[in-house]
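Asker: Would you mind keeping the following structure in view while I ask a few things?
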Amino acid sequence: MDWIQLTGVNGYGYHGVFAQERYQGQHFSVDLNIGTDFSAAASSDEVTDTVHYGEVAALVHAHIVGEPVNLIERLAANIATDILQNFPTIDRLEVRVHKPDAPIQVPFESVAVTHVARRDKATPSWQQAILALGSNLGEKDTTLDTAIEALQDHPNIRVLNVSPRAITKAVGGPEGQPDFVNMVVRVATTLKPFELLGACQQIESDHDRVRTIRWGPRTLDIDMITYADVKQDSPILRLPHPLAHQRAFVLEPWSWMEPHATLNGTPITELLRQCPDREGLNRAKGRHG
Ligand SMILES: Nc1ncnc2c1ncn2[C@@H]1O[C@H](COP(=O)(O)OP(=O)(O)OP(=O)(O)O)[C@@H](O)[C@H]1O
Ligand SMILES: Nc1nc2c(c(=O)[nH]1)N=C(CO)CN2
């Protein structure tokens, strides 16, 4: 477990048991100790791989200045619940709320409460995955739009980042296939790798995907490129995707979305230079570009 400390998030709020506190308000200050695994971010150097402390601070501040509660115990617990719900990669959390001007009738320095929370088994941990989507049959852009919506609507999947789209020449498979539209998304999910594959395949078949010819034309293809740091070689699910490192139709949209991302420890922009299909690829114009 790694830790991020965020201290002294200050704000003026109206929490308190006494009418005077509700009426006049006072200063509150919050410290956090955030338990997370930031090994992925340490290697990728990408903020999307860690907890963005600016976003956490904004959430804390919103609680301080927001809807008043009676007790700082309640304020600390509300902050913890909200943070765990919104930041899937946080596993443990200590929230300390200081009330330096509390109505105490003797000299004192500060009063504070500390709430300790952890993601329990009922709150499964969220993992991040990169999915690559492609379509070269039918209404390609509409298919991709509805596929993203289906991912978003899944109760155990959140779409965190969506790439621009690329128009690409078909790689492999029968000659004379229509061009693909390809894109990449980053998701957070509580599904295990095989479950996420199942969810992707369900979305494919909901879009009339049929598997006949290998690398043949398809209404929708969703490949799992990475799932957290998982490496596995089952034929049902290979992770990271065994061909992704040589496919510009995956790496180029990914690099537009996350220029500093790495795959198997190598920057994707470096892998891209070796990709034979890079030449047949163009960034889509219009609202998806
Ligand atoms: N990382 C992965 N993502 C998606 N499917 C995978 C992965 N690893 C293995 N598979 C397996 O590959 C099988 C074939 O998938 P699919 O028909 O989508 O292949 P494809 O997209 O045509 O080819 P390619 O694997 O070259 O992208 C799936 O049934 C799935 O079990
Ligand atoms: N341009 C392009 N070529 C492909 C694609 C794809 O998504 N785009 N998918 C394939 C199998 O997954 C095989 N070939």
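Any read-out appearing in this document is the output of simple, stated calculations on the displayed coordinates, not a laboratory observation. Because the structure is a prediction, the values reported are computed rather than measured. Cβ coordinates were reconstructed from backbone atoms using ideal geometry, including for glycine residues, and neighbour counts include every protein chain displayed.
Asker: Give the calculated FRET efficiency between T81 and V111 to the nearest 0.05, with a Förster radius of 25 Å applied to their Cβ-Cβ distance.
Answerer: Details: r = 22 Å, r/R0 = 0.88.
Efficiency at R0 = 25 Å is approximately 0.70.
Asker: After finding the eigenvalues of the alpha carbon gyration tensor for the range 1-50, what semi-axes result from the square roots of 5 times each, listed largest first in whole Å? Show your work: numbers first, answer last.
Answerer: Values: eigenvalues 270, 19, 11 Å².
Equivalent ellipsoid semi-axes, largest first: 37, 10, 7 Å.
Asker: Let me ask something additional. Return a single number: how many Lys pairs in the range 127-288, at a sequence separation of 8 or more or on separate chains, have alpha-carbon atoms below 21 angstrom apart.
Answerer: 4
Asker: Under 8 Å for C-alpha pairs, at least 6 residues apart: give me the relative contact order for the chain, rounded to a whole percent. All intermediate terms of the calculation are to be shown ahead of the outcome.
Answerer: Numbers: 558 pairs, mean separation 45.0, N = 289.
Contact order relative to length: 16 percent.
Asker: Using only the alpha-carbon atoms, how far is helix 248-257 inclined from the longest principal axis of the chain? Give it as 0 to 90 degrees, nearest 10.
Answerer: Value to nearest ten degrees: 30.
Asker: Whole-Å semi-axes of the range 2-118's equivalent ellipsoid, largest first, each the root of 5 times a Cα gyration tensor eigenvalue?
Answerer: For the range 2-118, the semi-axes come out at 30, 13, 11 Å.
Asker: Please work out the FRET efficiency for the pair R273 and E46, using the Cβ-Cβ distance as r and a Förster radius of 22 Å; give the result to the nearest 0.05. The partial results should precede the final answer.
Answerer: Details: r = 20 Å, r/R0 = 0.91.
Rounded to the nearest 0.05, the efficiency is 0.65.
Asker: To the nearest 10 degrees, how steeply does helix 140-153 sit against the main Cα axis of the chain, on a 0 to 90 scale?
Answerer: 30 degrees
Asker: If you don't mind, another one. Taking 0.36 nm per residue of separation and subtracting the Cα-Cα distance, what length does fully extending Q201 through M1 add? Mind dumping the intermediate values first?
Answerer: Working: separation 200, 0.36 × 200 = 72.00 nm, distance 3.35 nm.
Contour length minus Cα-Cα distance gives 68.7 nm.
Asker: What order do you get for W254, W3 when you list them from fewest to most C-beta neighbours inside 10 Å? Walk me through the numbers before you get to the answer.
Answerer: Working: W254 30, W3 12.
The most exposed by this proxy come first: W3, W254.
Asker: For the ranges 180-188, 160-168, what's the packing order if you count other beta-carbon atoms within 10 Å of each residue, average per peptide, and put the highest first?
Answerer: On the way: 180-188: 24.8, 160-168: 20.1.
The densest-packed peptide leads the list: 180-188, 160-168.
Asker: For the range 217-283, compute Rg over Rh where Rg is the Cα radius of gyration and Rh is the Kirkwood radius from the inverse mean 1/r over Cα pairs.
Answerer: Numbers: Rg = 12.2 Å, Rh = 12.7 Å.
Looking at the range 217-283, the ratio lands at 0.96.
Asker: What spacing in nm lies between the two simple spin-label points modelled at K285 and R22, each 7 Å away from Cα in the Cβ direction?
Answerer: Using points 7 Å along Cα→Cβ, the separation is 6.2 nm.
Asker: Same structure again: Below 15 angstrom from the Cβ of E279, what's the summed charge of the other residues (Lys, Arg +1; Asp, Glu -1)? Don't jump to the answer; show the numbers that get you there.
Answerer: Details: positive: K169, R247, R273, R278, R283; negative: D179, E252, D277.
That works out to +2.
Asker: Given 10 Å bins starting at zero, what is the percent of C-alpha pairs of the chain in each, up to the one with the largest pair distance?
Answerer: All Cα pairs, binned at 10 Å, distribute as 6, 25, 26, 18, 13, 8, 3, 1, 0 percent.
Asker: Hey, any idea what the orientation-averaged projected area of the convex hull of the range 127-288's Cα atoms comes to, in nm²? Walk me through the numbers on the way to the answer.
Answerer: Working: hull surface 35.4 nm².
The number I arrive at for the range 127-288 is 8.9 nm².
Asker: Right, next: With angles folded into 0 to 90 degrees, how steeply does helix 72-86 sit against the dominant principal axis of the chain? Use alpha carbons for both and round to 10.
Answerer: 0 degrees
Asker: Just the Kirkwood number for the range 79-203, please: inverse of mean 1/r across all distinct Cα pairs, in Å, one decimal.
Answerer: Hydrodynamic radius (Kirkwood, Cα only) of the range 79-203 equals 18.2 Å.
Asker: Distance between the C-alpha centers of the range 217-271 and the range 128-160? Whole Å please.
Answerer: After rounding, the separation between the Cα centres reads 16 Å.
Asker: Another question about this same structure. Taking the Cα centre of the chain as origin and charging only Cβ (+1 Lys, Arg; -1 Asp, Glu), how large is the dipole, in debye to the nearest 20? Could the numbers behind the result be given before it?
Answerer: Values: 26 positive and 36 negative charges, 78 e Å.
Rounded to the nearest 20 debye, it is 380 debye.
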